[in-house]
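Notes follow once the structure below has been shown.
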Amino acid sequence: MDLGARLRLVRTARNLSQRELAKRTGVTNSTISLIESGDMNPSVGTLKRILDGIPVTLGEFFSIAPEGDEKIFYRADELMTFEQDGVTFGQIGGPLSGRSLQILRETYASGADTGAMVYAHEGEEGGFVLHGQVEITVGDRREILGPGDAYHFDSRQPHRFRCLSSEGCEIISACTPPTF
């Protein structure tokens, strides 16, 4: 959804006319009209002034999805994938701003891991091992999991994943809030 259409959606959802919004913000009615019609791209400062008059934050503004535009189903080739040191992450959906859950298909090459150092972040993680064996370290606890085994932990605890299988391993996981 383009910026102008998004602005119109937010403005009308708050029952504001362009004139009323212009009075609240000091941005001219014609400028708001040009932005909403897609004939003008505002500076970040101008957009912030307009959004302050609604009021809505920049983050909220860009995370709003119009009704009916929300993508629900994803084909395998639509997963956002990225690779890091022998670990491939296939994420459902694109950028996760505005979402509270991240779902991943993780594939590890033989011997690959999430790094020599353990890491921690806000939230929770859980998942199922589909293929292979993975060693998971959470705090001072370490376990080797295989197909059908699962895990769930508070992500604020330092943790690390390492593939032990010569054929690699695959995990389906969920994390809240999204971490990347």
Residue list for segment 98-114, filter: assigned to a loop (DSSP other than H, G, I, E, B) and open to solvent by 20 Å² or more (accessible area, probe 1.4 Å)
GLY98, ARG99, SER100, LEU101, ALA109, SER110, GLY111, THR114
Considering segment 135-171, residues that are assigned to a loop (DSSP other than H, G, I, E, B), open to solvent by less than 60 Å² (accessible area, probe 1.4 Å) and of a type in the set (Ser, Thr, Tyr), and then whichever is nearest to GLN91 (Cα to Cα), we arrive at SER155
With the condition kept exactly as written, say whether any residue in segment 88-105 is more than 30 Å from GLY59 (Cβ to Cβ) and more than 14 Å from the chain's Cα centre (by Cα).
no
Enumerate the helices (runs of 4 or more DSSP H) found wholly within segment 14-97, keeping only those where 3 or more residues are at pLDDT 85 or above and open to solvent by 80 Å² or more (accessible area, probe 1.4 Å).
18-25, 44-52
For segment 172-179, does any single residue satisfy the condition of being out of contact with any Pro (no Cβ under 6 Å at 6 or more places or on another chain), open to solvent by 50 Å² or more (accessible area, probe 1.4 Å), not in a loop (DSSP other than H, G, I, E, B) and not β-branched (Val, Ile, Thr)?
no
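The values are calculated or read from the model by the stated rules, or taken from the named source; none is laboratory data. Being a predicted model, the structure only gives us computed values, none of them experimental. Ideal geometry is used to build each Cβ from the backbone, glycine not excepted, and the neighbour counts take in all protein chains shown. Heavy atoms of the whole protein, side chains included, go into the accessibility calculation; ligands, DNA and RNA do not. Shrake-Rupley method; radii C 1.70, N 1.55, O 1.52, S 1.80 Å.
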